[in-house]
1. If a residue must be closer than 14 Å to ASN67 by Cα and polar (S, T, N, Q), how many such residues does segment 89-134 contain?
2. Please give the number of the condition LEU49 fails out of (1) more than 19 Å from ILE88 (Cα to Cα); (2) touching a Lys or Arg at 6+ places or on another chain (Cβ under 7 Å).
3. Quick check on segment 1-32: of everything there that is hydrophobic (A, V, I, L, M, F, W, C) and surrounded by fewer than 17 Cβ atoms within 10 Å (Cβ to Cβ), which residue is nearest to ASN104 (Cα to Cα)?
4. Give LEU142, LEU133 a once-over and let me know the one that is more than 20 Å from VAL25 (Cα to Cα), assigned to a helix (DSSP H, G or I), modelled with pLDDT under 95 and more than 13 Å from the chain's Cα centre (by Cα).
5. Restricting to segment 51-70, name every residue that is without any contact (Cβ under 8 Å) to a residue 40 or more places away in the chain and surrounded by 15 or more Cβ atoms within 10 Å (Cβ to Cβ).
Amino acid sequence: MGLRRKAREIALHCLYQSEMAAVPVVESFPLLCANFEVNQKAIPYARELVEGVAGHWEAINAFIQENAAHWRLERMSCIDRGIMRIAIFELCYRDDVPASVAINEALEVAKRFSTDDAPPFINGILDAVKKNLDQSRGKGAL
């Protein structure tokens, strides 16, 4: 497993912990790192993900909501929301992560931490987000 995948998993744990404990995401990150064994080399990218998701929280949630046909954000699994938030942050705000990598990594994390139904659900939403981003950036569908 690559270092960035480990970082994505740390970030997912942090987002989950934050929602379950009703603690701000940025406050939850140092608690997670202090109380659980985490790969020290993965912490810098995990921190970037957590801070990035927190900094763009409303916009990322809007992307999910706009592209999730017939689903309210509150009805989605906390894990699935976290996975999508991380992937959408990478799709929208990280130029060093190709869209295909962000989506594929989200699906691999979903296979590990969510239900069997999660990967197709997450893939559908992330693919719609990517298509909308491509259109708004003038790239057209790839």
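The values are calculated or read from the model by the stated rules, or taken from the named source; none is laboratory data. What you see is a predicted model, and the numbers here were worked out from it, not measured in a lab. Cβ sites come from the backbone with ideal geometry, for glycine too, and all protein chains shown count toward neighbours.
1. So the answer is 2.
2. (1)
3. MET1
4. Result of the check over LEU142, LEU133: LEU133.
5. Result: GLU51, ALA54, HIS56, ILE60, ASN61.
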